[in-house]
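Notes to accompany the following structure.
The values are calculated or read from the model by the stated rules, or taken from the named source; none is laboratory data. The structure presented is a predicted model; accordingly, all values stated were derived computationally and were not measured. Counting neighbours? That spans all protein chains shown, and the Cβs are built from the backbone with ideal geometry, glycine included. We work out accessible area using only protein heavy atoms, side chains counted, and drop any ligands, DNA or RNA first. Shrake-Rupley method; radii C 1.70, N 1.55, O 1.52, S 1.80 Å.
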Amino acid sequence: MKIVIDPGHSGPVEPGACAVGVRECDVVLAIATLLANQLDEQGYEVLLTRTGDIATDKLAFRAELANANGADVFISIHANSVDNPSAHGTEVYYYPGSVQGKLLAACLQARLVAELGTMNRGVKEANFQVLRETDCPAALVEVAFISNEADRSILTSYSGQLAAALAMVSGLADYAAR
C-alpha cells in the first residue's frame, strides 16, 4: 500500500494554529514523521508532502503529489484550535460521498480516541481542498486541540506524538483489513 502523509501547514509562511508558543506546523510534522517511520518499518511505501518548513501556503501540490504517485491512501494531519480553551478532543474528516474516505476516517478516529483518551468529536464530512482533489481515499485528522492545555500536552510530548502515530498505524491496518 502506498500512503501519502501530509503534515498540514508549512512553517513560517503559514504555521497553522498557534498557542503558548506552540505551532501546529511543528507538532503535526513530528507526528507525521513518526507515522512515516512506523509505516516504513512495516513495509508500506510512504511519501510525505513535506519534511520540514516550506515556502508556500498553497494546498494543491499536496493532492497532486498523491495523485501523481498513485497513492492508495492520503492522510492530512492537523491540530485543532478555537477561541474557547475548554474545547478538546479528536475528529477526522472525509470528503462527502466518499465511501472509502468515510471508512478510512472511521478507522483512524476509533484508534486515535482509544489510544489518546481524547473526547470523540466524531467523523465528519468536509469539502476541504486536500480531500476534494485527492483521487484516493483521504482523511484529514484533527489529532487534538492546540488551544486546550491537556490536548496540547498530547501534541507536544514525544509520548503523545508517538501514541498518535501508532494509533494511525493501527487505524490504517483496520482500514486495509476491510
Among all residue pairs at least 6 apart or on different chains, which show Cβ distances below 9 Å where the first residue, located in region 19-36, is free of Cβ contacts under 8 Å to residues at least 40 places away in the same chain and more than 16 Å from Leu48 (Cα to Cα) and the second is among the hydrophobic types (A, V, I, L, M, F, W, C) and not in a helix (DSSP H, G or I)?
Arg23/Ala17; Arg23/Ile146
Take Gly16 and tell me if it is at pLDDT 95 or above, of a type in the set (Gly, Ala, Ser) and not in a strand (DSSP E or B).
no
Residue satisfying condition, being part of a helix (DSSP H, G or I), within 26 Å of Leu65 (Cα to Cα) and of a type in the set (A, V, I, L, M), within set Ala110, Ala139, Ala106:
Ala106
Any residue in region 64-74 that is at pLDDT 95 or above, touching a Lys or Arg at 6+ places or on another chain (Cβ under 6 Å) and closer than 22 Å to Ser147 by Cα?
no
Restrict the check to region 116-125 and report whether at least one residue is part of a helix (DSSP H, G or I) and at pLDDT 95 or above.
yes
Does Thr90 fit the bill of being open to solvent by less than 10 Å² (accessible area, probe 1.4 Å) and among the β-branched types (Val, Ile, Thr)?
yes
Pair list, Cβ under 9 Å, 6 or more apart: region 113-142 residue within 22 Å of Leu162 (Cα to Cα) and among the acidic types (Asp, Glu), other residue open to solvent by less than 70 Å² (accessible area, probe 1.4 Å) and in a strand (DSSP E or B)
Glu142/Ile77; Glu142/His78; Glu142/Ala79; Glu142/Asn80; Glu142/Thr90; Glu142/Glu91; Glu142/Val92; Glu142/Tyr93
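Residue-wise test of (1) part of a helix (DSSP H, G or I); (2) among the aliphatic types (A, V, I, L, M); (3) in contact with a helix residue (DSSP H, G or I) (Cβ under 9 Å, 6 or more places away or on another chain).
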| site | (1), (2), (3) |
| --- | --- |
| Ile3 | no, yes, yes |
| Leu35 | yes, yes, yes |
| Gly52 | no, no, yes |
| Thr56 | no, no, no |
| Arg62 | yes, no, yes |
| Ile75 | no, yes, yes |
| Ala79 | no, yes, yes |
| Val92 | no, yes, yes |
